[in-house]
Amino acid sequence: MADIRIRCPKCEWEPDGEPHWQCTCGTVWDTFLTAGRCPGCGKIWKDTQCVPDAGGCPAWSPHLDWYDGLDEIINRLKEEIEERWLQEVEKQQAPARH
């Protein structure tokens, strides 16, 4: 599988595993441990802000855009699914043998 690197899509700052993000409920956590879901209230953060105080920029980006390397994995999964579909279609179209 491809290497997935987590980094800000705007400045390429890489999170250090510290709890830099705070939810509106007050919970402070590392958003990348939960894929953007607050462990306190369950709110899903579609966008994630970079952390200027830790060396990043102040920009907000879609959370999934932080995961560098997902495109290759998704394309591979699509190819596998297509291959399975084609095999299934071929089975359905094959004449029945008695």
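Readers should treat all values here as calculations from the given coordinates under stated rules, not as data from a laboratory. Here the structure is a predicted model, which means the values were calculated and not measured. No Cβ is skipped: glycine too gets one built from the backbone with ideal geometry, and neighbour counts run over all protein chains shown.
Could you go through the stretch 89-98 and let me know if any residue there is assigned to a loop (DSSP other than H, G, I, E, B) and touching a strand residue (DSSP E or B) at 6+ places or on another chain (Cβ under 8 Å).
no
What are the residue pairs meeting all of these: first residue in the stretch 55-76, first residue closer than 13 Å to CYS8 by Cβ, second residue of a type in the set (Phe, Trp, Tyr) and assigned to a helix (DSSP H, G or I), Cβ atoms under 9 Å, and 6 or more apart or on different chains?
HIS63/PHE32; TRP66/PHE32; TYR67/PHE32
Of the residues that sit in the stretch 33-56 and are in a loop (DSSP other than H, G, I, E, B) and basic (Lys, Arg), which one is surrounded by the fewest Cβ atoms within 10 Å (Cβ to Cβ)?
LYS46
From the set of residues in the stretch 16-32 that are polar (S, T, N, Q) and either in contact (Cβ under 8 Å) with a residue 12 or more places away in the chain or part of a loop (DSSP other than H, G, I, E, B) (or both), which is nearest to ASP53 (Cα to Cα)?
THR31
Search the stretch 6-64 for residues being small (Gly, Ala, Ser) and on the phi > 0 side of the Ramachandran plot, and hand back the single one that is nearest to the chain's Cα centre (by Cα).
Across the stretch 6-64, the extreme among qualifying residues is ALA35.
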